[in-house]
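Contents: one structure, followed by commentary.
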Amino acid sequence: MNVNTLPTGRRALVSEFAEDPVKAVNEHIALEDQAVPDTSSLQAQDIIVQVKSAAVGWVDLLMTSGLYQHTPPPPYSPGLEYSGIVVWVGADVDSKQVAVGDRVLVDGFQAGPRSAGNYQQYGGFASYAVAPARASHKIPADFGFAEACNLLGSYETAYHCLVTRGQLKAGETVLIHGASGATGMAAVHIAKLLGATVIATGRSDAKLKVVQEQGADHIINCKDPNHPKGVTRFRDEVKALTDGKGVDVVYDGVGGAISLESMRCVKFNARFLVVGWAATPFVAKGEKGESNANMLPTNLIMMKSLQVLGCPTVISTQFDPSSRAPRFNQIMQWVSEGKIKPFISHQFSLDQVREALLAKWNGDVIGGCAINLPEL
């Protein structure tokens, strides 16, 4: 394939950070033409991918207002994870690893906005992206592009939290909050593969029905519009489902009032996994020196002998790169065995980039979401 004959594409660009993601989406994201990357400026180990699909993630939203710990300088194209077809390879790329015409997913740790160095500007909300060849992985035959770009981030997060940190075992019970989200759904899938009983929570009966269809043993709608903090006393339901014993592990990607109530749902010596704080997305926005942190009750932690474990997947991998290979290999083995496949509820075109990001922000998405790039 002659890269010089490829047509001009399109890309979305974040021009500057905003006070919050909604303002960024409405005011600081625009579409523009994109030329094919100049191969003379690329490295011998680089590849160019014609993007077919890019995941729409929570982190993509946080980045637009500088709320994420790894934030590329604007302008940049969002889209941490993407998949597509290789249209150019550098001179030193081993054709046994990747070749022109291959269908690949690109590792968001090593390329795209969350990576370091020269690849930050190349997000997946664009017709073309540049990545090092080592960041590409061939897509399983039974995966579409949308499923492929929604694989690694969600399932690696769920695996790191449940397995590496939580040490979840067969026969144990795990309470998974935000189970209809991308990482929450992945956590349901992985917990079931490990032989655990899953109690999944959410705020929508319709979404929870899908979560149950995806493998959750029990579902609880924890929304209470009449409660000051909007959360039901779901400890009673959890205790009823566990014969009064409580759960062994809590997977909490929501935070806020959910966290407090969860600490009344656990066994003695349970593990509490802090995965995220979707309920309080602006917690990092305090002025320097101002306390704006989420708080957990030390009395409950002590009396339950609760093990509270922070689970930052990316940061943990940076501190210990060797931790990644076991989880990556296990996930890809499960994929090859047909045991996991991302559930995708929403797909959008690049022209609908604002609608896609707002659908994610507003909680419309169940599992994964993708932007599909137009044919060129």
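The values are calculated or read from the model by the stated rules, or taken from the named source; none is laboratory data. Here the structure is a predicted model, which means the values were calculated and not measured. Backbone-built Cβ (ideal geometry, glycine too); neighbour counts: all protein chains shown.
Within the stretch 108-117, the set of residues being within 24 Å of Ile29 (Cβ to Cβ) and without any contact (Cβ under 8 Å) to a residue 60 or more places away in the chain comprises Gly108, Ala111, Gly112, Pro113, Ser115, Ala116, Gly117.
Filtering Phe348, Phe343 for residues that are touching a residue at least 60 places away in the same chain (Cβ under 8 Å) and more than 22 Å from Glu27 (Cα to Cα) leaves a single hit, Phe343.
Condition check: modelled with pLDDT under 95, of a type in the set (Lys, Arg) and at negative phi. Does Lys285 satisfy that?
Numbers: modelled with pLDDT under 95: yes; of a type in the set (Lys, Arg): yes; at negative phi: yes.
For Lys285, the condition - modelled with pLDDT under 95, of a type in the set (Lys, Arg) and at negative phi - is met.
Only one entry in His137, His177 is touching a strand residue (DSSP E or B) at 6+ places or on another chain (Cβ under 8 Å), modelled with pLDDT of 95 or more, buried (at least 23 other Cβ atoms within 10 Å of the Cβ) and not small (Gly, Ala, Ser), namely His177. Does Asp217 satisfy the condition of being surrounded by 15 or more Cβ atoms within 10 Å (Cβ to Cβ), charged (D, E, K, R) and either touching a strand residue (DSSP E or B) at 6+ places or on another chain (Cβ under 7 Å) or in the same structural domain as Leu62 (by TED's automatic domain parsing) (or both)? Yes; evaluated as a whole, the condition is true for this residue. Return a yes/no flag: does the stretch 35-44 have any residue that is surrounded by 13 or more Cβ atoms within 10 Å (Cβ to Cβ), of a type in the set (Ser, Thr, Tyr) and touching a residue at least 60 places away in the same chain (Cβ under 8 Å). No, because not a single residue in the stretch 35-44 is surrounded by 13 or more Cβ atoms within 10 Å (Cβ to Cβ), of a type in the set (Ser, Thr, Tyr) and touching a residue at least 60 places away in the same chain (Cβ under 8 Å). Within the stretch 214-258, being closer than 19 Å to Thr197 by Cα, among the aliphatic types (A, V, I, L, M) and in a strand (DSSP E or B) holds for Ile219, Ile220, Val247, Val249, Val250.
In the stretch 239-253, the count of residues that are crowded, with 22+ Cβ neighbours inside 10 Å, farther than 18 Å from Phe343 by Cβ and within 18 Å of the chain's Cα centre (by Cα) is one or more.
Can you give me the ranges of the strands (runs of 3 or more DSSP E) entirely in the stretch 274-376 with at least 1 residues that are surrounded by fewer than 16 Cβ atoms within 10 Å (Cβ to Cβ)?
On the way: elements: 307-310, 344-349, 368-372.
Counting at least 1 such residues, we get 307-310, 344-349.
If you go through the stretch 243-250 one residue at a time, do you hit one that is under 21 Å from Ile301 (Cα atoms) and of a type in the set (Lys, Arg)? Yes, because at least one residue in the stretch 243-250 is under 21 Å from Ile301 (Cα atoms) and of a type in the set (Lys, Arg). Of all the numbered requirements in (1) of a type in the set (A, V, I, L, M); (2) part of a strand (DSSP E or B); (3) surrounded by fewer than 18 Cβ atoms within 10 Å (Cβ to Cβ), Ala206 misses one, and that requirement is (2). Gly178 meets all of the listed conditions (1) over 17 Å from the mean Cα position of the chain (by Cα); (2) part of a loop (DSSP other than H, G, I, E, B) but one, namely (1).
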